[in-house]
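Only one structure is covered here, and it is reproduced in the block below.
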Amino acid sequence: MGKINIGYMTEAAYKELKENIETYKDFFINNPNDSSWVDSLAEGKAFQAKAYQIDDFVLEIPASATDIATITRNSILLYEKLKHLPRYILSNKYFWLWFMFKRCYSVALVMMEKKEVSSFNNQWLLGGRRGLFFGIISRCYYRVALTVDEDHNADRYYLTKFTFESPSRFRELTWRTFSSEKHIVMGFMRAVYDTVKSGKERSSCYDDLAKDVSRLGSVKILDVMTEDDIYHYVFDRYQEYLRVN
C-alpha cells in the first residue's frame, strides 16, 4: 500500500457533533458501515488535510467488542503505523476523530460495548478527564505505546498482549495523572505480569495498587523512582494483598 495524508476534524464540526450528540447517536447506529454522513457537518467542512503522511493500512473488523485477539492485533498495527508521528499530533483529539471516521469507522463501532450518549461522548468525542485514554481507538494506541518493551528481544509486545488479555489490569491506571509516564506503567505492569504468571491474580487488587502508587506521587517519592523501583514496590504490595485476602 502507498501513503496517505493525515487529517484533523475541524473545530466547527466537532462542536456541532458534540452539541447534538443525542441526535447524531442515531446516525452512528443506523449507519454502522458508512461514515459519509459526517461529511455534512460544518457546512461540508468537517475535515482538513495535514502535511504528515502515514501508510495506507487497514484494521480488521473484530467479531465483537470482546474479540480480544483481533483488537490486540489491530492495536499493535496501529502503534507501528502511527508511532513516527509527532507527539502533538498523537495527543490531538481532532486527529483521532479524523482517524476514527475516515480510517476505522466500522472497527470502532464494533468495539463499543454500549452505544449510549455517554459512551459516544467519552469514546468518540474524547470528552472529560484524560480523554485520549478512554477514546475507543486512541486508548489502543496508548496501551501499546506504554507497554511495548524494546529491550525484550523475544517478544517486545509480551506486556501489551498481557494488558489486552484483561483490561482491568491497566484500566485503573488510566485515571491517574502518572499513567502517561512510561517507566511507571512498565514497572507496574511488569509486577502484575510476574505475579499473574506465578499463578495468582485478584482483579480487585488493581484499584488499591493504583492508589498506592498515587500516594507515592503525593509525597514526591514517585518522582525519583526508577522502573525497577516501581516494579519491586508494586510486586511486594500485590503479594501483601494476596496474603491478607
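What follows draws every value from the coordinates through simple rules; no lab data is involved. All values reported here derive from a predicted model rather than from experimental measurement. Ideal geometry is used to build each Cβ from the backbone, glycine not excepted, and the neighbour counts take in all protein chains shown.
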### Exposed GluC sites (Glu not before Pro) absent: longest stretch of the chain, with sites in DSSP loops and at most 15 other Cβ within 10 Å deemed exposed
151-245
### Message
Is there a quick way to get the dipole size of the range 150-245? I mean about its Cα centre, with the Cβ of Lys and Arg at +1 and of Asp and Glu at -1; what is the value in debye to the nearest 20?
### Response
300
### Query
How far is the Cα center of the range 13-53 from the Cα center of the range 147-174, in Å?
32
### Task
Return a whole-number percent for the relative contact order of the chain, with Cα pairs under 8 Å and 6 or more residues apart as the contact set.
17
### Query
If you wrap a convex hull around the Cα atoms of the range 47-158, how much volume per residue is inside, in Å³?
114
### Query
Among residues other than Arg243 whose Cβ falls under 13 Å from its Cβ, what is the net charge (Lys/Arg +1, Asp/Glu -1)?
+1
### Query
Which residues in the range 195-230 place their backbone N less than 13 Å from a point set 7 Å from the Cα of Ser166 along the Cα-to-Cβ direction?
195-207
## Note on the structure
Residue separation between Lys115 and Leu242 times 0.36 nm, minus their alpha-carbon distance, gives in nm 42.1 nm
### Message
Run the simple label-point estimate for Trp175 and Arg87 please: 7 Å along Cα→C-beta, distance reported in nm.
### Response
2.6
### Summary
Only helices counted: for the chain, with every DSSP H run of 4 or more residues adding -39500 (n - 2.57) and the sum spread over all residues, [θ] at 222 nm is -16000 deg cm²/dmol
### Task
In debye, nearest 20, what is the charge dipole magnitude of the chain about its Cα centre with +1 on Lys and Arg Cβ and -1 on Asp and Glu Cβ, if you could check?
240
### Whole-Hz couplings from phi, Karplus 6.51/-1.76/1.60, listed for the range 6-23; x for Gly and Pro
6, x, 10, 5, 6, 4, 5, 5, 4, 4, 5, 5, 5, 6, 10, 5, 4, 6
## Note on the structure
Taking 0.36 nm per residue of separation between Arg215 and Asp155 and subtracting their Cα-Cα distance, the length gained on full extension comes to 18.4 nm
### Task
Mind listing the long-range amide H neighbours of Gly7? Cut-off is under 5 Å, sequence gap 5 or more, other chains count too, H placed in the peptide plane at 1.01 Å from N.
Lys50
### Task
Sequence neighbours fewer than 8 away in the same chain don't count; with that in mind, list the aspartates and glutamates whose C-alpha is under 19 Å from Lys81.
Asp55, Asp56, Glu60, Asp149, Glu150, Asp155
